[in-house]
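What follows is a short report on a single structure.
None of the figures in this text is laboratory data; all of them are computed from the coordinates on show. Note that this is a predicted model, so its numbers are computed, not measured. A quick note on method: Cβ atoms are made from the backbone with ideal geometry, for glycine too, and the neighbour counts reach across all protein chains shown.
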Amino acid sequence: MVLSPTMVTEAEVSVQYRLCVAKEPAVVHQIEVASSPILGEVRVADSVITEFTRFDSGLSCSENVKDAAMDSPKSKYLPCIRSGSYADIGSRMSMEDEHIRIDDLSARLGSSNCCSPSAFYAVFDGHGGPEAAMYIKRNAMKLFFDDALIPEALEIDDSFLKQLENSHREAFLQADLALATEPTVSSSCGTTALTAVVLGRHLLVANAGDCRAVLCKRGTAVEMSQDHRPSYLPERMRVEGLGGYILDGYLNGYLSVTRALGDWDMKLPLGSDSPLIAEPDIRRAILTEEDEFLIIACDGIWDVMSSQYAVSLVRQGLKRHNDPQQCARELVMDALRLNTSDNLSVIVVCFSSPEPFPPQRRRLRCCNLSEDARNRLRSLLGGN
C-alpha cells in the first residue's frame, strides 16, 4: 500500500552447502552500512531461531551481536548462486510490481572481466500506475550498468566497493531524473526500488522505499535494508526538516513511503529540496557459508509477516524440496492467506548449489502384541 486510501479510491518459505573456494585472502566477516540513518557493524549470533511468530522481527543491520565466525577460513568461500521468483496481483485491480532476476550478470553484460559469481536482482513497487516501475525495469541494465560509472579493478577491495556504492547511488538518482522527462510516465506516478548485486562473495543492497531484502544467516534473519516509511523516526525528522509533514502516516497526506523514484508532482521544481527523495540507503555484506539465502520482496509480503517469519518459512521449504522458485511461490501464497491487500513480488536467492535428496528409508511401524495375540500367532504359524 503506497498511496493513501483517499487517493486510491479516486484512481484505485536445512539448506546444504557446496561452495567454491575463492583465491582471496580471508577477511573479517562483517556487514557494512553506507549512507544510512542507522550506522554500525553487524555481528550475527551463533544461535538459530527455531521458534517464531509471524511478527517476530529479524536482526537489523544496526544491531551488534556475537560472530564466532570472524577470521574464519569460511570467508574464503564463494557462493554458488541459484534463484527463483514469483509474483501475484493479489487483491488489487492492477499489477504495479516489476522485478528482475539475473543469476549470471557477466553473461548478461557480455563481459569476461566480471568476477564470478556475479548476479543482479531488483524489485520495483509502483504506485499511481504501473508505468514508472515498467520504465525502470525496461531500462535497468542501461541505468545501473551501461551508463553507470562502474570502476574497473583486478580485485575487489574496499576502494572498489566504495566506488561501486557511489556508482549505484548515482544510478538511482539518474533513474529518478529520467522519470521526470519520460513522456509515458505521469508526474503523479512513481515506484520504490530495491536492488541487490552479488560480486564474488560480496553482496551490495541499495534501497529507496519499503521493499526489503533479508539475509538468512544460519536460520537468523538479518535485514539488509531499512523500510523508508513515515513511521521511521529518522525519516520523519528528515521530512519535517525539509518542510514536509506526516498526516495519518502518509508523507504530505499522500504517500506511505518517504523515498521513491518518480512522483515528480511532489518534487518539482527540479533541483529544489524535497521531502520525497530518491537517494538509496546502501548496505554491504561479505558472504560466508553461513549465509543460506536472500529474500527480496515488496511490501505486500512485509505488511503481513516479519523478516524472521519469512526466513523460517523459506528455510523449511528448502528442507522439503530445495527449490527457490517454489519457496518464492509459498511466500506469496502465505501472504495471500494472511490477507495482504497489495501486489506481491518475491525473489529467493540461494547461495548453494542444489544437493540431491538422500534416499528415504521406509519406516516400519512397530507394535506390541498381547500374550493372547502372541499365542494365537504361534498357533497359526505352527498349523502351517
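What are the radius of gyration and Dmax of segment 148-237, computed over its Cα atoms and given in Å?
15.8, 47
With θ taken as phi - 60° and the coefficients 6.51, -1.76 and 1.60, list the Karplus ³J(HN,Hα) couplings across segment 91-100 in order, rounded to whole Hz; mark glycine and proline as x.
8, 6, 7, 9, 9, 10, 8, 9, 8, 10
What's the center-to-center distance, using Cα atoms, between segment 314-334 and segment 142-210 in Å?
Between the Cα centre of segment 314-334 and that of segment 142-210, the gap is 29 Å.
Around residue 116, which amide H atoms from residues at least 5 apart in sequence, or from another chain, sit under 5 Å from its own amide H, with H modelled in the peptide plane?
200
What list do you get for 192, 181 if you sort them by fewest beta carbons within 10 Å?
181, 192
Can you give the net charge of the other residues whose Cβ lies under 13 Å from the Cβ of residue 230, counting K and R as +1 and D and E as -1? Intermediate values should be presented prior to the final figure.
Working: positive: 229, 236, 238, 259; negative: 210, 227, 235, 240, 248.
The answer is -1.
Arranged by the count of other C-beta atoms within 10 angstrom, fewest first, what order do 76, 142 take? Provide the component values of the computation, followed by the final result.
Details: 76 18, 142 14.
The most exposed by this proxy come first: 142, 76.
For a label point 7 angstrom out from the Cα of residue 268 toward its Cβ, which stretches of segment 167-202 have the backbone nitrogen within less than 18 Å?
176-191
May I ask for the percentage of alpha-carbon pairs in segment 266-354 that lie more than 17 Å from each other?
Numbers: 2248 of 3916 pairs.
Roughly 57 percent, rounded to a whole number.
If you count, for each residue, the other Cβ atoms within 10 Å and average over each peptide, how do 324-333, 87-96 line up from highest to lowest? Numbers along the way, then the final one.
Details: 324-333: 22.5, 87-96: 16.1.
The peptides rank, most packed first, as 324-333, 87-96.
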